[in-house]
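K.L.:
Would you mind keeping the following structure in view while I ask a few things?
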Amino acid sequence: MGLRGDQAAAYFMKGYNCAQSTAAPFADLAGLSEESMLRMASGFGAGIGRLREVCGTVNGAVLILSLLYGSTDPQDKTAIYTHVQDFAGRFRSANGYDTLICRQLLGLEQAEGDPTASARTERYYESRPCLTLVRLAADLLEEYIRQHPYHD
């Protein structure tokens, strides 16, 4: 669909995790280098550190939403929470699984607990919806930002 969705898919195919792949194409909008964005998002992949909780694509998107729409005022939380919940609802509706939870998206019964990343093989890419979800999250985020101008 969108340019940033294509970029996100390319990052994922290079071996970056889902959060990194979703966030990195937006580094320019956040005023960060690619390296900084990849580093910042690195622990959020695989449902936060491979805990299989909230999908890394959503985590990467929340990172970008926070950088673009977040506040440093400790009393000003409602605006960013509104953006996050709006985006999360869009992702849940569009992903075909109606969930934000990594293990549910992967069809796992429970969290794996092993922090060792899976080898990126042809079978890996064929057996998981991750590439599709990375592209979807980045496309939805690109559309969301277009619909909700931010001030840098």
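K.L.:
For region 14-78, which fully contained helices (runs of 4 or more DSSP H) count at least 2 residues that are touching a His at 6+ places or on another chain (Cβ under 9 Å) and closer than 21 Å to Ile101 by Cα?
P.N.:
Where helices (runs of 4 or more DSSP H) fall fully within region 14-78 and carry at least 2 residues being touching a His at 6+ places or on another chain (Cβ under 9 Å) and closer than 21 Å to Ile101 by Cα, they are 56-69.
K.L.:
Quick check on region 63-76: of everything there that is under 17 Å from His151 (Cα atoms) and not hydroxyl-bearing (Ser, Thr, Tyr), which residue is surrounded by the fewest Cβ atoms within 10 Å (Cβ to Cβ)?
P.N.:
Checked region 63-76; the qualifying residue surrounded by the fewest Cβ atoms within 10 Å (Cβ to Cβ) is Asp73.
K.L.:
Give me the pairs: first residue in region 128-152 and under 16 Å from Ser93 (Cβ atoms), second residue at pLDDT below 95, beta-carbon distance under 6 Å, and six or more apart or on different chains, which are they?
P.N.:
Taking only residues 6 or more apart or on different chains, the pairs are Asp139/Met1; Asp139/Gly2.
K.L.:
Could you please give the count of residues in region 6-35 that are surrounded by fewer than 22 Cβ atoms within 10 Å (Cβ to Cβ), in contact with a helix residue (DSSP H, G or I) (Cβ under 7 Å, 6 or more places away or on another chain) and of a type in the set (Gly, Ala, Ser)?
P.N.:
Final tally of qualifying residues: 4.
K.L.:
Quick check on region 53-70. Is at least one of its residues of a type in the set (D, E, K, R), touching a residue at least 40 places away in the same chain (Cβ under 8 Å) and under 18 Å from Lys14 (Cβ atoms)?
P.N.:
no
K.L.:
Hey, another quick one. Looking only at region 36-52, how many residues end up being small (Gly, Ala, Ser) and buried (at least 24 other Cβ atoms within 10 Å of the Cβ)?
P.N.:
4
K.L.:
What's the number of the condition Thr82 fails, among (1) in a loop (DSSP other than H, G, I, E, B); (2) out of contact with any helix residue (DSSP H, G or I) (no Cβ under 7 Å at 6 or more places or on another chain)?
P.N.:
(1)
K.L.:
Filter region 99-152 down to the residues that are among the hydrophobic types (A, V, I, L, M, F, W, C) and outside any helix (DSSP H, G or I), then identify the one that is nearest to Leu63 (Cα to Cα).
P.N.:
The extreme case among them is Leu100.
K.L.:
Name the residue, out of Arg92, Arg50, that is of a type outside the set (Asp, Glu) and without any contact (Cβ under 8 Å) to a residue 24 or more places away in the chain.
P.N.:
Selected residue: Arg92, the only one of Arg92, Arg50 that is of a type outside the set (Asp, Glu) and without any contact (Cβ under 8 Å) to a residue 24 or more places away in the chain.
K.L.:
Follow-up. Does Ala30 fit the bill of being over 12 Å from the mean Cα position of the chain (by Cα), under 14 Å from Glu142 (Cα atoms) and not acidic (Asp, Glu)?
P.N.:
yes
The values are calculated or read from the model by the stated rules, or taken from the named source; none is laboratory data. Just so we're clear, the structure is a prediction, and the values are computed from it rather than from any experiment. No Cβ is skipped: glycine too gets one built from the backbone with ideal geometry, and neighbour counts run over all protein chains shown.
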